[in-house]
Amino acid sequence: MKRILKSRLPELWEAINSNFDLFLPMDKGTLVNFGAYEADKNIRLDVLKTNSSVKEFVFPQTETYLKFKHSKKKLELTPVAVEGREYVVFGVRNCDAASFKIMDNIFLRQPVDTYYKAHRDRGIIVTFACNNPEETCFCTAFGIDPSEASPASDVATWEKGDYLYLEAKSEKGERLLNSVAILLEDGDIAELEELKNSIKAKVANLPLKALDPKKITKAQQEIFDMEDFWGDISKKCLACGSCTFVCPTCHCYDVKDYDGGNSGERYRCWDSCMISDFTRMAHGNPRTSQLQRVRQRFMHKLVYYPKNHDGLYSCVGCGRCVEKCPVGLNIVRVIKRLGEE
């Protein structure tokens, strides 16, 4: 266990940035999102969670796979490799960190998505315990403890008094802390027990503390066939896709070609199951109503995914969908109602 005075954090960030590409939560006007470190920027570790999740580091919103060019009946194809040095994402909350396991189950199974793996392998995740969870948080419903180190942490950190405490949790984390060892001093894990207990007490008083997806006990087909339920849930949906784009675990994408005349690119971009054009094929769209699309989203997160991944739900309780949905349609409402019926 190490620690550093918070007044020396700029020195720490400068040292990390000299060896890695460093990303931190930054004030971008009306929003706080992760951005590349710059000494004169307003860094906001005090903000509980960024507007967007950290999935963009391993699963970019757009990513080019292939560039092509043709001339005089010749076609030249150039694969685009993932390049860049190792990067550090500093200040990741445990809910966001938990999303990596969910994404790994999708992109690292056979056949492995080599682009995702390349981004994942060169990333170092520094998690930050939540001293003050918000009312929209419900991470504990999915077994996430905001006071402890996440299993996805390379380095776990806690803010207490004048100090930031740091603990390496992986080989990559050890290497990161060794690279800045001159700035760190020894700390004692016991010093954090009071803080952890305080966080646990706050979590116990959150409005969504009793939320429990395990109360959803009906069989898969029975839940699927609840037409009245899904019709009632979906009738307010605007099909804006906001929930999917801010969600740390949504991983749907489309592959498109950009035609620039004699040259172009093939790229991947995020897509949303809540939008009518999603999965449109030559014969049409297999989900023709908003009821079907809303049902698919929540069935995937709460039924299909855990069934296929040893009970692991495709949600981390970050609360972004609760905050962002303009009509108040979110996974919390669905869990509550399915658990009651």
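The values are calculated or read from the model by the stated rules, or taken from the named source; none is laboratory data. What you see is a predicted model, and the numbers here were worked out from it, not measured in a lab. No Cβ is skipped: glycine too gets one built from the backbone with ideal geometry, and neighbour counts run over all protein chains shown.
Among the numbered conditions (1) within 19 Å of I16 (Cα to Cα); (2) surrounded by fewer than 23 Cβ atoms within 10 Å (Cβ to Cβ), the only one that G143 does not meet is (1). Any residue in the range 223-231 that is without any contact (Cβ under 8 Å) to a residue 24 or more places away in the chain and either in contact with a Lys or Arg (Cβ under 6 Å, 6 or more places away or on another chain) or in the same structural domain as R293 (by TED's automatic domain parsing) (or both)? Yes.
Of all the listed residues (L238, L312, L302), the sole one being out of contact with any Phe, Trp or Tyr (no Cβ under 6 Å at 6 or more places or on another chain), surrounded by fewer than 13 Cβ atoms within 10 Å (Cβ to Cβ) and touching a residue at least 24 places away in the same chain (Cβ under 8 Å) is L238.
Count of the range 134-175 residues, restricted to those that are within 20 Å of R320 (Cβ to Cβ) and acidic (D, E), is 3. From the list K301, K307, the lone residue that is assigned to a helix (DSSP H, G or I), touching a Cys at 6+ places or on another chain (Cβ under 9 Å) and within 27 Å of A210 (Cβ to Cβ) is K301. Cβ-Cβ distances below 7 Å connect the following pairs, each with a first residue in the range 176-200 that is under 14 Å from D145 (Cβ atoms), a second residue that is of a type in the set (F, W, Y), and a separation of six or more residues or different chains: L192/W158; L192/Y165; L195/W158.
Of everything in the range 185-196 that is of a type in the set (A, V, I, L, M) and surrounded by fewer than 17 Cβ atoms within 10 Å (Cβ to Cβ), the residue that is nearest to K2 (Cα to Cα) is I189. The residue pairs whose first member lies in the range 1-22 and is assigned by TED's automatic domain parsing to the domain that holds G35, whose second member is in a helix (DSSP H, G or I) and hydroxyl-bearing (S, T, Y), and whose beta carbons are closer than 9 Å, counting only pairs six or more residues apart or on different chains, are A15/S179; I16/S179; S18/S179; N19/S179; F20/S179. Does the range 82-93 hold any residues that are of a type outside the set (F, W, Y) and in contact (Cβ under 8 Å) with a residue 24 or more places away in the chain, and which are they? Result: V82, G84, R85, E86, V88, V89, G91, V92, R93. Listed conditions (1) at pLDDT 95 or above; (2) buried (at least 16 other Cβ atoms within 10 Å of the Cβ) are all met by E174, apart from (2). Kindly indicate the residue of the range 85-108 that is at pLDDT 95 or above and among the basic types (K, R) and also farthest from E148 (Cα to Cα) among those meeting that condition. Here the residue is K101.
Here is a yes/no grid of residues against (1) among the small types (G, A, S); (2) more than 21 Å from D121 (Cα to Cα); (3) touching a Phe, Trp or Tyr at 6+ places or on another chain (Cβ under 8 Å); (4) at pLDDT below 95:
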{"position": "K6", "(1), (2), (3), (4)": "no, yes, yes, no"}
{"position": "L9", "(1), (2), (3), (4)": "no, yes, no, no"}
{"position": "I16", "(1), (2), (3), (4)": "no, no, yes, no"}
{"position": "L24", "(1), (2), (3), (4)": "no, no, yes, no"}
{"position": "T30", "(1), (2), (3), (4)": "no, yes, no, yes"}
{"position": "D40", "(1), (2), (3), (4)": "no, yes, no, yes"}
{"position": "V47", "(1), (2), (3), (4)": "no, yes, no, yes"}
{"position": "N51", "(1), (2), (3), (4)": "no, yes, no, yes"}
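Those strands (runs of 3 or more DSSP E) of the range 123-191 in which 1 or more residues are more than 13 Å from A97 (Cβ to Cβ) and of a type in the set (G, A, S) occupy 163-168.
For every residue, the table says whether it meets (1) among the basic types (K, R); (2) closer than 30 Å to A15 by Cα; (3) in the same structural domain as M26 (by TED's automatic domain parsing); (4) in contact (Cβ under 8 Å) with a residue 12 or more places away in the chain.
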position: K69; (1), (2), (3), (4): yes, no, yes, yes
position: C95; (1), (2), (3), (4): no, yes, yes, yes
position: S99; (1), (2), (3), (4): no, yes, yes, yes
position: I102; (1), (2), (3), (4): no, no, yes, yes
